[in-house]
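Participant: One structure coming up, written as structure tokens, with questions to follow.
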Amino acid sequence: MSNETIVAERARIAAILESDEGRAHPKQALKLALHTDMSAEMAVDILGDAPSETARDFDRRMSAEGHTGVNSPLGSNPAPDAKERRRAEIAAAAGNVNRANGFKSEAKAGNRFAVR
């Protein structure tokens, strides 16, 4: 291996690791610099498209933080699937309409709704 080849390879590695993108993604930059033969420009371009460490840190910290006090519109015990959630939503809406119109449940109405 000639000195020119060694110098060129070191320059490529330095260009990747010392770029802004390389500093933002040090682990990926090191892998691209040491384990590939792609050009420094291509490696820096790939690093520029990578999600930032802070985005991954956000997800990690949010999961470590635990419950934040923000409630889901589905409540704490959502139905197991979409069909059951929709059935529960329709039943609740029908109950609200019936109560607003003065209707009682069959249990409260007694025998008036019994089929004869």
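Participant: Please verify whether G95 is closer than 30 Å to E18 by Cα and at pLDDT 65 or above, treating the condition exactly as stated.
Facilitator: Details: closer than 30 Å to E18 by Cα: no; at pLDDT 65 or above: yes.
Criteria not met by G95.
Let's see how each residue does on (1) modelled with pLDDT of 95 or more; (2) within 32 Å of the chain's Cα centre (by Cα):
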| position | (1), (2) |
| --- | --- |
| S2 | no, no |
| R12 | yes, no |
| I16 | yes, yes |
| D20 | no, yes |
| R23 | no, yes |
| Q28 | no, yes |
| D37 | no, no |
| E41 | yes, yes |
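The values are calculated or read from the model by the stated rules, or taken from the named source; none is laboratory data. This one's a predicted model, so the numbers in the text were calculated from it and none came from an experiment.
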